[in-house]
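Encoded as structure tokens, the structure appears first; notes follow it.
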Amino acid sequence: MTDLSHFHNRLAKNARHLRKWARRSNIHAYRAYDCDVPEFPVIIDCFDAEGGTWLQFQEVDTGWQQSEDEHREWIDHLIEVAAEIFELPVDRIAVKHRGRQRVGGDKTAQHEATGLDEDDLVVHEGGHRFIVNLYGYLDTGLFLDHRVTRGMVGERARGKRFLNLFSYTGSFTVHAARAGAISSESVDLSNTYSQWAERNLRLNSIDLVRHRIVRADVFTWLRDAVSAYEAGDRDGVDLIVLDPPTFSNSKAMQGILDVQRDHPWLIRQCLALLAPGGTLFFSTNLRSFELDLLVQEKARFEEISAKTVPDDFRDGRIHRCWLITQPPR
Ligand SMILES: C[S@@+](CC[C@H](N)C(=O)[O-])C[C@H]1O[C@@H](n2cnc3c(N)ncnc32)[C@H](O)[C@@H]1O
């Protein structure tokens, strides 16, 4: 087995540094270890939630050949090291296994009174509260790589009509609404995530009439919204977040989504829906992504990835992000 002390030393050093950094920056969920030692390719996120600290381990597939037993033993050792460094019992460490979506037990019984499932945690960000779940889903409910972007959206949201496309659990909407957006629409195809978004909005006492959760295919919704805007049947919007998945082939939408192929159309539709002087944040996690040249002629594009990728991510290409502004007419 590779020498565990390298992992131990690096994680201990990260923990010391990042804990201080997180406290100083008022950050409660951060990436504690990001494949820092190549022989130990895992990602560890730390959640200082209401009621205690939790870690999530993610295995990173490097094509390593290990038997199931060897692998299990290897991960168990890493978990023991992390438990010791963070002074946590091992049952506070959730493991997301490679190639398997569901982890942990089947523990999703709903607690009616709180709106929280028994595995749900509540973490704070920017003074707002977010439900995260380290067990039952593919992702936790809060993408940590967009922490800075959410803050930037909040800074621009006051008095604005906000649109969140591919809104997932509505975390951008929470920031925008709490920062004073006058209205918002959060569009996502998934029932589960739309309900999660609603729970996040409720948890932050956000008015669900002014801030609407819309369960729809973004392609259909955008086409209809742009037609309605052009016909004078709806208002434009002032601030948009467009953060599509890299690829999606949900049964509920027509065809497939491929961000490389579809981003010019999506961006053009967003620009058509923006009121004069409006702003669009566009982001993608696709590493090989190339921004279409023709679409760049339609507005002012500024790549802001160097600012939006947070300091706790060693992977500077975790996402790319552009600030796109519509000149005032
Ligand atoms: C990567 S997440 C978006 C992350 C989100 N912007 C955030 O930062 O919290 C992808 C989301 O896109 C949604 N989705 C995928 N295809 C869609 C479609 N055609 N229309 C609407 N939502 C879709 C999924 O349900 C999922 O919630």
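Report, to the nearest 10°, how far helix 218-230 tilts away from the longest principal axis of the Cα atoms in the chain, using its own Cα long axis and a range of 0 to 90°.
30 degrees
Against the longest principal axis of the chain, how steep is helix 191-203, in degrees 0 to 90 to the nearest 10, with axes from Cα atoms?
90 degrees
Determine the dipole magnitude for the chain: charges of +1 sit on the beta-carbon of Lys and Arg, -1 on that of Asp and Glu, nothing else is charged, the reference point is the Cα centre, and the result goes in debye to the nearest 20.
1380 debye
Cross-link partners among lysines for K96, C-alpha distance below 18 Å, same-chain residues fewer than 8 apart left out?
Here the lysines satisfying the reach criterion relative to K96 are K107.
Counting only Cα atoms, I'd like the Rg/Rh figure for the stretch 175-329, Kirkwood definition for Rh. Numbers along the way, then the final one.
On the way: Rg = 15.9 Å, Rh = 16.8 Å.
Expressed as Rg/Rh, it is 0.95.
Once the Cα atoms of helix 147-157 and of the chain are each reduced to a long axis, what angle between those two axes, in degrees from 0 to 90 to the nearest 10, is obtained?
It works out to around 30 degrees.
Report D for the chain in µm² per second (integer): Stokes-Einstein, Kirkwood Rh on Cα pairs, 10 °C, 1.306 mPa s. Intermediate results must be reported in sequence, preceding the final value.
Working: Rh = 21.0 Å.
For the chosen part, D equals 75 µm²/s.
Which value, in Å to one decimal place, does the Kirkwood hydrodynamic radius take for the stretch 4-96 when every pair of different Cα atoms is included? Please report the intermediate quantities before stating the final value.
Details: mean 1/r = 0.0734 Å⁻¹.
Result for the stretch 4-96, one decimal place: 13.6 Å.
Per residue of the chain, what 222 nm ellipticity follows from adding -39500 (n - 2.57) for every DSSP H run with n ≥ 4, rounded to the nearest 500?
Values: 8 runs with 105 residues, N = 329.
Taking each H run of at least 4 residues, the total per residue is -10000 deg cm²/dmol.
Can you pull out the trypsin sites (Lys or Arg not before Pro) in the stretch 210-288 that DSSP calls coil and that have at most 16 other Cβ atoms within 10 Å? Don't skip to the end; give the middle numbers.
Working: sites: R210, R212, R215, R223, R234, K251, R261, R268, R287; in loops: R210, R234, K251, R287.
When the trypsin sites (Lys or Arg not before Pro) of the stretch 210-288 are filtered for loop state and at most 16 Cβ neighbours within 10 Å, R210, R234, K251, R287 remain.
Among all the lysines, which ones have a C-alpha under 27 Å from K298's C-alpha, if same-chain residues fewer than 8 places away are not counted?
Candidates past the 8-residue exclusion: K160, K307.
How many angstrom lie between the Cα centre of the stretch 1-57 and the Cα centre of the stretch 267-320?
29 Å
Could you tell me which residue out of G126, P310, P89 lies farthest along the dipole of the chain toward its positive end? Charges go on the beta carbon: Lys and Arg +1, Asp and Glu -1, centred on the Cα centre.
Projecting each Cα onto the dipole axis, the largest value belongs to G126.
Nearest 20 debye, what's the magnitude of the dipole of the stretch 32-84 about its Cα centre given +1 on Lys and Arg Cβ and -1 on Asp and Glu Cβ? Write down the numbers at each step before the final one.
Numbers: 1 positive and 15 negative charges, 16 e Å.
Value, rounded to 20: 80 debye.
Coordinate-derived values only; no laboratory data. Every value quoted in this text rests on a predicted model; they were computed, and no experiment measured them. Quick reminder, even Gly has a Cβ in these numbers, built from the backbone with ideal geometry, and neighbours come from all protein chains shown.
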